[in-house]
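Working notes for the structure below.
All of the numbers you see were taken from the coordinates with simple rules; none came from a lab. From a predicted model like this one, the values you see are computed outputs, not experimental measurements. Cβ sites come from the backbone with ideal geometry, for glycine too, and all protein chains shown count toward neighbours.
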């Protein structure tokens, strides 16, 4: 009985979110926070070394916060843990440890002007990225600044200021991610 009640509540919430046509009011400034999960692709540069990449994708997670200036622009700070890339000794295939990938970004999101009743909103993002990579078996510990870019789509869930995002982010040649995030807007 408890399981049926839980499933019924989940179905009711999903139907409410799917049928709601009330779009978020993004015409004036509003703060937001969010978090999500996804997949990452990492390709450490092993040219000129005795190593090769043994595992180049992993589970990723992120947290984010920002300020939507208007319906077209937002400023966002995000932290993404891309997981680890496995290394091996190329000659014999023995494990050489893992490189952890962590990214902190400060960027601008741009969304085209949409009709007020539309609940889907595409966006582009870009800015600066602080990359922190560390190797658990070696001396590699790099910290670098570079540009990042990405694109995504956001679905207004119509209630409680919630939206869902799906986005692809290109941090560098050796680090990319596809994330799915839940975002909470704090409208006045």
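Give me 119, 113 sorted ascending by neighbouring Cβ count inside 10 Å, so fewest comes first.
113, 119
So for the stretch 107-154, Kirkwood radius off the Cα pairs, Stokes-Einstein at 25 °C and 0.890 mPa s: how many µm² s⁻¹?
Result for D is 183 µm²/s.
What number in nm² do you get for the stretch 76-126 if you take the convex hull of its Cα atoms and divide its surface by four?
5.7
With only alpha-carbon pairs counted, each pair once and no self-pairs, how large is the Kirkwood hydrodynamic radius of the stretch 53-144 in angstroms?
Every distinct Cα pair counted, the radius reaches 15.7 Å.
May I ask you to order 91-100, 76-85 by the average number of other C-beta atoms within 10 Å around their residues, highest value first?
The peptides rank, most packed first, as 76-85, 91-100.
Given R₀ = 45 Å, what would the calculated FRET efficiency be for residue 92 paired with residue 151, taking r from the Cβ atoms and rounding to 0.05?
The pair residue 92/residue 151 has a calculated efficiency of 0.65.
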